[in-house]
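**Q** My structure is below; once you've seen it, I'll send some questions.
The values are calculated or read from the model by the stated rules, or taken from the named source; none is laboratory data. Remember, predicted model here, so these are calculated numbers, not experimental data. As a convention, Cβ positions derive from the backbone with ideal geometry for all residues, glycine included, and neighbour counts pool all protein chains shown. The protein model used for the area step is the full one, side chains on, heavy atoms only, and it has no ligands, DNA or RNA in it. Shrake-Rupley method; radii C 1.70, N 1.55, O 1.52, S 1.80 Å.
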Amino acid sequence: SDVMRCKLYSLLLMAYVVLQLTDEKERLIKVIQEMLPAIKAEQSKALLLTTVYGCTDNFFYHRQAHQIIDEWRKKDNPKNSKQILLQRLADYDKWFGHDGVL
(Lines give C-alpha, C1' and ligand atoms only; values in the text may rest on other atoms or scores of the structure.)
Protein backbone atom coordinates (compact mmCIF):
# COMPACT_ATOMS: atom_id res chain seq x y z
CA SER A 1 0.00 0.00 0.00
CA ASP A 2 1.02 3.62 -0.34
CA VAL A 3 1.22 4.04 3.42
CA MET A 4 3.66 1.14 3.82
CA ARG A 5 5.67 2.30 0.81
CA CYS A 6 6.01 5.77 2.35
CA LYS A 7 7.24 4.29 5.62
CA LEU A 8 9.71 2.05 3.79
CA TYR A 9 11.03 4.86 1.57
CA SER A 10 11.43 7.13 4.56
CA LEU A 11 13.55 4.55 6.38
CA LEU A 12 15.55 3.70 3.26
CA LEU A 13 16.30 7.33 2.51
CA MET A 14 17.60 7.96 6.01
CA ALA A 15 19.71 4.79 5.81
CA TYR A 16 21.21 5.85 2.47
CA VAL A 17 22.17 9.22 3.95
CA VAL A 18 23.74 7.66 7.03
CA LEU A 19 25.62 5.12 4.92
CA GLN A 20 26.60 7.85 2.42
CA LEU A 21 25.12 5.94 -0.52
CA THR A 22 24.67 9.00 -2.71
CA ASP A 23 23.57 7.26 -5.92
CA GLU A 24 20.92 5.21 -4.12
CA LYS A 25 19.75 8.31 -2.26
CA GLU A 26 19.34 10.30 -5.47
CA ARG A 27 17.50 7.43 -7.19
CA LEU A 28 15.10 7.07 -4.27
CA ILE A 29 14.46 10.82 -4.14
CA LYS A 30 13.46 10.70 -7.83
CA VAL A 31 11.04 7.84 -7.08
CA ILE A 32 9.62 9.79 -4.14
CA GLN A 33 9.21 12.92 -6.28
CA GLU A 34 7.22 10.94 -8.83
CA MET A 35 4.94 9.33 -6.27
CA LEU A 36 4.30 12.35 -3.99
CA PRO A 37 1.48 13.86 -6.10
CA ALA A 38 -0.42 10.55 -5.98
CA ILE A 39 -0.26 10.11 -2.20
CA LYS A 40 -3.64 10.85 -0.64
CA ALA A 41 -2.87 9.98 2.98
CA GLU A 42 -1.88 13.29 4.58
CA GLN A 43 0.30 11.79 7.29
CA SER A 44 2.18 9.57 4.84
CA LYS A 45 2.83 12.52 2.55
CA ALA A 46 4.02 14.57 5.53
CA LEU A 47 6.37 11.76 6.56
CA LEU A 48 8.00 11.62 3.13
CA LEU A 49 8.22 15.40 2.77
CA THR A 50 9.79 15.75 6.21
CA THR A 51 12.25 12.95 5.54
CA VAL A 52 13.34 14.31 2.16
CA TYR A 53 13.71 17.77 3.70
CA GLY A 54 15.78 16.35 6.54
CA CYS A 55 18.00 14.44 4.12
CA THR A 56 18.51 17.27 1.61
CA ASP A 57 17.88 20.63 3.34
CA ASN A 58 15.80 21.50 0.27
CA PHE A 59 13.55 24.50 0.91
CA PHE A 60 10.86 23.18 -1.46
CA TYR A 61 10.31 20.15 0.80
CA HIS A 62 10.66 22.35 3.89
CA ARG A 63 7.76 24.52 2.73
CA GLN A 64 5.56 21.59 1.69
CA ALA A 65 6.13 19.71 4.94
CA HIS A 66 5.26 22.82 6.94
CA GLN A 67 2.08 23.37 4.92
CA ILE A 68 0.78 20.04 6.16
CA ILE A 69 2.32 19.76 9.59
CA ASP A 70 1.76 23.31 10.82
CA GLU A 71 -2.00 22.66 10.70
CA TRP A 72 -1.52 19.93 13.29
CA ARG A 73 -0.12 22.44 15.78
CA LYS A 74 -3.52 24.11 15.92
CA LYS A 75 -5.26 20.95 17.11
CA ASP A 76 -5.58 19.79 20.68
CA ASN A 77 -3.72 16.57 21.43
CA PRO A 78 -2.58 15.37 18.00
CA LYS A 79 -1.89 11.64 17.76
CA ASN A 80 1.51 10.46 18.95
CA SER A 81 2.67 9.73 15.40
CA LYS A 82 1.82 13.32 14.41
CA GLN A 83 3.61 14.66 17.47
CA ILE A 84 6.72 12.74 16.41
CA LEU A 85 6.60 14.33 12.95
CA LEU A 86 6.04 17.75 14.53
CA GLN A 87 9.15 17.28 16.63
CA ARG A 88 11.20 15.84 13.77
CA LEU A 89 10.36 18.81 11.53
CA ALA A 90 11.23 21.23 14.34
CA ASP A 91 14.53 19.40 14.89
CA TYR A 92 15.42 19.63 11.20
CA ASP A 93 14.55 23.33 11.17
CA LYS A 94 16.79 23.92 14.16
CA TRP A 95 19.57 21.78 12.71
CA PHE A 96 19.50 23.62 9.38
CA GLY A 97 19.03 27.04 11.00
CA HIS A 98 15.53 27.56 9.62
CA ASP A 99 13.80 28.34 12.92
CA GLY A 100 10.75 30.46 12.16
CA VAL A 101 11.45 30.53 8.39
CA LEU A 102 8.62 29.85 5.95
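**Q** Return the residues of region 54-87 that are in contact (Cβ under 8 Å) with a residue 24 or more places away in the chain, under 11 Å from the mean Cα position of the chain (by Cα) and closer than 16 Å to GLU42 by Cα; say none if nothing qualifies.
**A** HIS62, ARG63, ALA65, HIS66, ILE68, LEU85, listed by residue number.
**Q** Just the residues that are touching a helix residue (DSSP H, G or I) at 6+ places or on another chain (Cβ under 6 Å), assigned to a helix (DSSP H, G or I) and open to solvent by 20 Å² or more (accessible area, probe 1.4 Å), please, taken from region 56-78.
**A** GLN64, ILE68
**Q** Turning to a different aspect of this structure: Could you tell me whether any residue of region 30-44 is in contact with a helix residue (DSSP H, G or I) (Cβ under 8 Å, 6 or more places away or on another chain) and within 22 Å of TRP95 (Cα to Cα)?
**A** No, region 30-44 contains no residue that is in contact with a helix residue (DSSP H, G or I) (Cβ under 8 Å, 6 or more places away or on another chain) and within 22 Å of TRP95 (Cα to Cα).
**Q** Looking at the structure I just gave you, is LEU47 in contact (Cβ under 8 Å) with a residue 40 or more places away in the chain and closer than 23 Å to GLN67 by Cβ?
**A** yes
**Q** What residue, among those in region 16-43 that are charged (D, E, K, R) and in a helix (DSSP H, G or I), is nearest to the chain's Cα centre (by Cα)?
**A** Selected residue: GLU42.
**Q** So in region 1-25, with the set limited to residues that are among the charged types (D, E, K, R) and surrounded by 12 or more Cβ atoms within 10 Å (Cβ to Cβ), which one is farthest from PRO78 (Cα to Cα)?
**A** Looking at residues that are among the charged types (D, E, K, R) and surrounded by 12 or more Cβ atoms within 10 Å (Cβ to Cβ), I get GLU24.
**Q** Please go through (1) part of a helix (DSSP H, G or I); (2) surrounded by fewer than 19 Cβ atoms within 10 Å (Cβ to Cβ) for TYR53 and return the number of the only condition it doesn't satisfy.
**A** (2)
**Q** If I filter region 5-15 for residues that are over 11 Å from the mean Cα position of the chain (by Cα) and of a type in the set (Ser, Thr, Tyr), do I get at least one hit?
**A** no
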